1. Does segment 180-191 hold any residues that are open to solvent by 40 Å² or more (accessible area, probe 1.4 Å) and under 15 Å from the mean Cα position of the chain (by Cα), and which are they?
2. Of all residues in segment 153-174, which are in contact with a Leu (Cβ under 8 Å, 6 or more places away or on another chain) and either at positive phi or open to solvent by less than 50 Å² (accessible area, probe 1.4 Å) (or both)?
3. Suppose we filter ALA259, ALA223 for residues that are loosely packed, with under 15 Cβ neighbours inside 10 Å and out of contact with any strand residue (DSSP E or B) (no Cβ under 6 Å at 6 or more places or on another chain); which single one remains?
4. Answer yes if at least one residue in segment 128-147 is open to solvent by 30 Å² or more (accessible area, probe 1.4 Å) and closer than 20 Å to ILE184 by Cα, and no otherwise.
5. Can we say GLU77 is open to solvent by 70 Å² or more (accessible area, probe 1.4 Å) and either outside any loop (DSSP other than H, G, I, E, B) or more than 30 Å from ARG196 (Cβ to Cβ) (or both)?
6. Residue check: is ARG254 open to solvent by 30 Å² or more (accessible area, probe 1.4 Å), within 26 Å of GLU161 (Cα to Cα) and basic (Lys, Arg)?
7. crowded, with 22+ Cβ neighbours inside 10 Å, farther than 21 Å from PHE80 by Cα and touching a residue at least 12 places away in the same chain (Cβ under 8 Å), is that true of LEU150?
8. Looking at (1) modelled with pLDDT of 80 or more; (2) among the aromatic types (Phe, Trp, Tyr); (3) over 17 Å from the mean Cα position of the chain (by Cα), find the lone condition where TRP177 falls short.
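The values are calculated or read from the model by the stated rules, or taken from the named source; none is laboratory data. Since this is a predicted model, take the numbers as computed values, not measurements. Here the Cβ positions follow ideal geometry from the backbone for every residue, glycine too, while neighbour counts run over all protein chains shown. Please note that ligands, DNA and RNA were not included when accessible areas were found on the heavy atoms of the full protein model with its side chains. Shrake-Rupley method; radii C 1.70, N 1.55, O 1.52, S 1.80 Å.
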Amino acid sequence: QADERVEILIVDNGSTDDTRALAKKFAAADPRVKFFVEPETGLSRARNTALKNAKGEWVIFFDDDAVAEPGWLAAYENFFLNPPNQKAMVVGGAVTPEFEVPLPRWISGVAQLDLGPKPFCFPRGNCPWECNFACRRETAIEFGGFDARLGHRGDTAGYREGVDLNLRLQEAGYESWWLPGAAIRHFIHAKRMNLRWLLAATFNEGRTVAIQRMKYRAGGNRALYATGRLLAAPFHCAINLFVALVSWPFQSGRTAVKALS
């Protein structure tokens, strides 16, 4: 879908296969392709490397396990050329999962994003997903880019690096937009279809939520919030564990898994 106006940045972040050799081959064959290595592990660090080295006004973030639907890039380009206003700093589109293996019966919901055929400005606190969104490069850098404590780190799941950047931009009066037509299919590996991975992923998601919430609380409020959460945690865990044990034989374990996660 790319023409000569498009720059393609590949950021290697600790791959152990032939990614580096293949990316260098692409870069040597096509002047639009640029290859960079980010030695410090972390998806946020890789995204920041892309922001730092990109030449364009806008940067679209696209994961290595996704496939763009027809018209994906054209939808973004049209938005960049005709933004709804000068406050529009982030935009993103639909994400449809594509599973390597059939879903286990104990999974009750599917991570999918499709908010309809009409563009709109997200309400504060909501935004596109990190695997399919774009932002104005200079503004994102001005507001600190992606928090390196958030996001995936090697095989350790992490989340909300895009949410965190969006919140900072929205707090400053900028807007995040939904973009129909900019759709992708996101590949879900078989290793993510087991209970052990799911529980580890949800634990790490809770950790990233805690980091994010602590960031936006001032001194005394931060200590009070942390103390309250620590005191409540044992009771919260005990209740959910009880619900999981009681409900495990029913609904193929879906209620139990939801309680555990």
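1. ARG185, PHE187
2. GLY158, ARG160, GLU161, ASP164
3. Checking each option against the conditions leaves just ALA223.
4. yes
5. No.
6. In short, no.
7. Here the answer is yes, as LEU150 does meet what is asked.
8. The single condition TRP177 does not satisfy is (3).
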